[in-house]
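I have placed the structure first, in the form of structure tokens, so that the comments after it can refer back to it.
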């Protein structure tokens, strides 16, 4: 759709531009509505963080974000299917998808060190290591 027709039957070229602006402003409008709905003060710390990231989301390439989210959901559904049906590839996918978080957790620990960051990283590395050990042991026994 390249535009709508006005009363005289001419194309309204501004329609698509107004629609696009409204579409990309949606995250900010949603954040403002939710902050107001819960009676929060937009000037306080946490509501201002939400508004900041909603504004960043409005500037981001929404198509890329949607494709990235869809890929993540598809990965998780494949992993769930494989685990539910006790497929070995599902177990490998589970271990690898858990390992995907390690670089991000490590980056967070290096730039914002805290006990919580260290604990999250240690637990995730422990879980991924345990899963890899189980898979290695199972493969070696076969």
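Contact order, relative form, for region 70-142: 27 percent (alpha carbon pairs under 8 Å, 6 or more residues apart, mean separation divided by residue count). Treating r as the C-beta distance of residue 83 and residue 30 and R0 as 41 Å, the FRET efficiency rounds to 0.75. With r defined as the distance between the Cβ atoms of residue 73 and residue 48 and R0 fixed at 25 Å, what FRET efficiency is calculated, to the nearest 0.05? So the FRET efficiency works out to roughly 0.25.
Taking 7 Å steps out from each Cα toward its Cβ at residue 56 and residue 120 produces label points 1.4 nm apart.
If one computes P(r) from the Cα atoms of region 70-142, what percent of pairs lie at distances over 22 Å? The calculated P(r) of region 70-142 puts 34 percent of pairs beyond 22 Å.
Compared with the direct C-alpha span, the chain from residue 65 to residue 112 gains 14.4 nm at full extension, assuming 0.36 nm per residue. Gain on full extension, evaluated as 0.36 nm per residue between residue 137 and residue 96 minus their Cα-Cα distance, stands at 13.1 nm.
Taken together, the values in this text are just the output of simple stated rules run on the coordinates, not laboratory data. The structure displayed is predicted, hence computed values, not measured ones. Counting neighbours? That spans all protein chains shown, and the Cβs are built from the backbone with ideal geometry, glycine included.
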